[in-house]
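Notes follow the structure.
The values are calculated or read from the model by the stated rules, or taken from the named source; none is laboratory data. The structure displayed is predicted, hence computed values, not measured ones. When we count neighbours, we look across all protein chains shown, and the Cβ atoms used for this are built from the backbone with ideal geometry, even at glycine. Please note that ligands, DNA and RNA were not included when accessible areas were found on the heavy atoms of the full protein model with its side chains. Shrake-Rupley method; radii C 1.70, N 1.55, O 1.52, S 1.80 Å.
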Amino acid sequence: GIDVIGATTTANTIQDNLVSGNNGNGIRLAVGAHHNAVYGNVIGTDIGAVDPLPNGFDGLLIESNANDNSIGGFGPGESNIIAGNTYRGVYIEDAPANGLLSNWIGTNPTMSAAIGNGRVGVEVWGASGGTVIGAVGAGNTVAYNNTSGHTSGLTTPGGIAIWYGGTIHVEGNTV
């Protein structure tokens with residue numbers, strides 16, 4: 001996969017990649033990585049976004065105070081397809097103020113394939129306040145993901161789950 005790690009890791013663009021079939025996470029932003037953009041990637045499926053080609057863990061993991069990163073966006077070609085991964089599509093843990101906009105999570109842009117992630121589509125855990133999941137005109141489509149249990153023993157729904165995340169803004173999504 002692709003790892004972006006460290007507080008001095010800033011202003012990178014991860015764009016137009018096929019990130020699938022890795023043993024670990026597809027893309028990981030961690031340890032204070034900030035102001036990075038993840039646009040137009042296919043994560044966890046084949047290049048046509050029809051069949052799963054899962055990453056071994058999460059499709060996209062944002063953790064350990066990685067902040068102010070943009071995953072998808074308002075512009076053409078900025079949406080990511082995040083589907084078919086072994087665990088969650090997107091997992092945000094102890095990482096504040098990240099944006100998740102206009103992505104296809106568990107399906108493809110035509111919704112012609114049910115390529116759910118093995119667990120929940122989007123999960124937010126811990127000190128992740130200020131995170132935005134969707135907006136008017138830039139909602140995510142989250143479909144066909146499985147229900148899963150968190151290590152805490154709590155059960156999450158297949159769409160979007162927020163656990164102890166602080167103030168999270170969720171708007172304009174199709175779940």
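Selection of the stretch 1-21 for residues being farther than 19 Å from GLY84 by Cα and either open to solvent by less than 70 Å² (accessible area, probe 1.4 Å) or assigned to a loop (DSSP other than H, G, I, E, B) (or both) yields VAL4, GLY6, ALA7, THR8, THR9, THR10, ALA11, ASN12, ILE14. Residues of the stretch 80-103 that are open to solvent by less than 10 Å² (accessible area, probe 1.4 Å) and assigned to a strand (DSSP E or B): ILE82, VAL90, ILE92, LEU100. Of the residues making up the stretch 5-28, those that are in contact (Cβ under 8 Å) with a residue 60 or more places away in the chain and aliphatic (A, V, I, L, M) number 0. Working only within the stretch 52-79, note down all residues that are under 19 Å from ASN146 (Cβ atoms) and either in a strand (DSSP E or B) or among the aromatic types (Phe, Trp, Tyr) (or both). Hits for the stretch 52-79 are PRO52, PHE57, LEU60, LEU61. For the stretch 133-141, state whether one or more residues are within 16 Å of the chain's Cα centre (by Cα), outside any loop (DSSP other than H, G, I, E, B) and over 18 Å from ILE2 (Cβ atoms). Checked the stretch 133-141: at least one residue is within 16 Å of the chain's Cα centre (by Cα), outside any loop (DSSP other than H, G, I, E, B) and over 18 Å from ILE2 (Cβ atoms).
Restricting attention to the stretch 114-134 and to residues that are hydrophobic (A, V, I, L, M, F, W, C) and open to solvent by less than 20 Å² (accessible area, probe 1.4 Å), the residue that is nearest to GLU171 (Cα to Cα) turns out to be ILE133.
For the stretch 48-74, the set of residues classified as farther than 21 Å from GLY32 by Cα and either in contact with a helix residue (DSSP H, G or I) (Cβ under 7 Å, 6 or more places away or on another chain) or open to solvent by 40 Å² or more (accessible area, probe 1.4 Å) (or both) consists of GLY48, VAL50, ASP51, PRO52, LEU53, PRO54, PHE74, listed by residue number.
Within the set GLY77, GLY106, the sole residue that is open to solvent by less than 10 Å² (accessible area, probe 1.4 Å) and at pLDDT 95 or above turns out to be GLY106.
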